[in-house]
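First comes the structure, then the notes that go with it.
Taken together, the values in this text are just the output of simple stated rules run on the coordinates, not laboratory data. Note that the structure is predicted; figures quoted are calculated from it, not measured. Methodologically, a virtual Cβ is constructed for each residue, glycine included, from the backbone with ideal geometry; neighbour enumeration extends over all protein chains shown.
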Amino acid sequence: MSTVVPQVSSELTWRDTLARWALRWDIGRSRGAVEPGLYRVGEPTPESPVLVTANYRMTFDLVRRDLGGLDVWLLVLDTNGVNVWCAAGKGTFGTKELIVRAAKSNLSSHVTHRTLIVPQLGATGVSAHEARQLGDYRVVFGPIRSRDIPAFVAAGMKTTPEMRAVTFTFAERLALTPVELVGTVKGWKLLILLGLLAAGWLLDRSSLATASQPAAAYIAGVLAGGLLTPALLPWLPGHSFSVKGALAGAAAGAAASLALGSAPLGVAAGTLLAAGIASFVGLNFTGATPFTSPSGVEKELRLALPAQAAAAVIAGVLWIVQFFLG
């Protein structure tokens, strides 16, 4: 007995757009998941293609938007509200969930074929031969971008080299910056900023410019790591994200310190602290770019974290020395 499959529109409303922008700014991310299961887009028949995606709302909305004009089934896996690529790396967008979700959705009662179109970026989590063994499903990996799905389906489920090419353009990099910047005013990061403000004021109550140097360097480092580093990524020297972030942070920290009229020791301290903070924030983008690997990220973390901590400690020492030297 087949169950009723809910239908979703390929047209996004202003509320959908607003929700997507809210997620970009880390607002309501705890509510950023949709119900996993099977959905109809258009008027699919038992012979219509079955596409697979994650239950992260932004992913779900963009996929259904790009399916406009098609009559397809959309199988949404339970990835705990995480996008396809990250969920595949964590294992939630995986072969087992694919088979289980197909069974729970009673997929076989709605379609007459056993072919599932899985996003290319989900390939690290989904094994085609295991899907065949566990559920007798044939897995076809589709294009990188959902906007290429209509052309992919029209071509008989064949991809072109362009459909498989991974990009990390200027616009794609900037789209990731809001969530990083918003994260700096939450939790322990906010406490660090408040602590630096308090420390600066205790060190020198006579000058607001001098007292604000540590906080200004911290803010400069956050902006350099969360905005300048991704924006200037191809042009910053080196291959390591931590090094690229450190260079951007050093420049921003020195500029902020000089703008406040800092003494040489203050400039050196501000440069060091901003470099360390920017290096740390810049490292977060290793999980957003297609140019890194888990082993490479682990190696970079082992090397970068001690250097970042040392930069912060030395910066603090320099500010204390500056205070006693007057």
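Kindly work out what percent of the DSSP beta bridges joining two residues of the chain are antiparallel, to the nearest 5. Spell out each step's value before the answer.
Numbers: 6 of 18 bridges.
Around 35 percent antiparallel, to the nearest 5.
Taking the C-alpha atoms only, the angle from helix 294-325 to the longest principal axis of the chain is near 20 degrees. Taking the chain as the reference, fit the longest principal axis to its C-alpha atoms, fit the long axis of helix 95-104 to the helix C-alpha atoms, and give the angle between the two in degrees, 0 to 90, nearest 10. So the helix axis and the longest Cα principal axis differ by about 50 degrees.
Taking Lys and Arg as +1 and Asp and Glu as -1, the other residues whose beta-carbon sits under 15 Å from that of Glu35 total +3. Distant-in-sequence amide contacts of His113, defined by a placed amide H-H separation under 5 Å and a gap of 5 or more residues or a different chain, comprise nothing.
Quick one: length gained pulling Arg24 to Leu258 fully straight, 0.36 nm per residue minus the C-alpha distance? Walk me through the intermediate numbers first.
Numbers: separation 234, 0.36 × 234 = 84.24 nm, distance 3.31 nm.
Difference between extended and current length: 80.9 nm.
Would you mind classifying region 1-43 by shape? Square roots of the alpha carbon gyration tensor eigenvalues, ordered a ≥ b ≥ c; an a/c under 1.5 is rounded, otherwise it is prolate if a/b is larger than b/c and oblate if not. Oblate, because a/c is 1.5 or more while a/b does not exceed b/c. Rounded to the nearest 20, the size of the Cβ-charge dipole of region 7-166 about its Cα centre is 320 debye, with Lys and Arg at +1 and Asp and Glu at -1. Considering the dipole of region 7-166 built from charges on the beta carbon (Lys and Arg +1, Asp and Glu -1) around the Cα centre, which of Cys86, Ser48, Leu38 is farthest to its positive end? Positive-end residue among those listed: Cys86. Given the Cα-Cα distance of Ala123 and Phe170 and 0.36 nm per residue of separation, how much length would full extension add, in nm? Extending this stretch completely gives an extra 14.4 nm. Put simply, when 8-21, 78-91, 129-142 are sorted by average Cβ atoms within 10 angstrom per residue, most first, you get 78-91, 129-142, 8-21.
Rounded to the nearest 10 degrees, the inclination of helix 264-283 to the longest alpha-carbon principal axis of the chain is 10 degrees. If only the Cβ of Lys and Arg carry +1 and only the Cβ of Asp and Glu carry -1, the dipole of the chain around its Cα centre is close to 220 debye. For Lys158, a cut-off of 22 angstrom between C-alpha atoms picks up no lysines at all, skipping any fewer than 8 places away in its own chain. Taking label positions 7 Å along the Cα-Cβ direction at both Ala307 and Glu162, the computed distance is 4.0 nm, reported to one decimal.
In percent, what relative contact order does region 7-166 have, based on Cα pairs under 8 Å that are 6 or more apart in sequence?
Working: 301 pairs, mean separation 33.5, N = 160.
About 21 percent, as a whole number.
Give me the aspartates and glutamates in straight-line cross-link reach of Lys299: C-alpha distance below 20 Å, same-chain residues under 8 apart excluded. Counting by Cα, and skipping residues close in sequence, Lys299 has no aspartates and glutamates nearby.
Mean-square fluctuations from a GNM of the chain, with a 10 angstrom spring cutoff on Cα atoms, peak among Glu43, Glu180, Glu97 at Glu43.
For n ≥ 4 DSSP H runs only, could you compute -39500 (n - 2.57) per run for the chain, divide by its residues and tell me the 222 nm figure to the nearest 500? Numbers along the way, then the final one.
On the way: 15 runs with 171 residues, N = 326.
The helix contribution divided over the chain gives -16000 deg cm²/dmol.
Taking a straight line from the alpha carbon of Lys96, these lysines sit under 23 Å away, with near neighbours fewer than eight places off in the same chain left out: Lys104. Of Leu273, Leu223, Leu258, the residue with the greatest mean-square motion in the GNM of the chain, using alpha carbon springs below 10 Å, is Leu258. Fully extending the segment from Ala154 to His239 would add 26.7 nm, taking 0.36 nm per residue of separation and subtracting the current Cα-Cα distance. Structural descriptor for the chain: relative contact order 12 percent, calculated from alpha carbon pairs under 8 angstrom and at least 6 residues apart.
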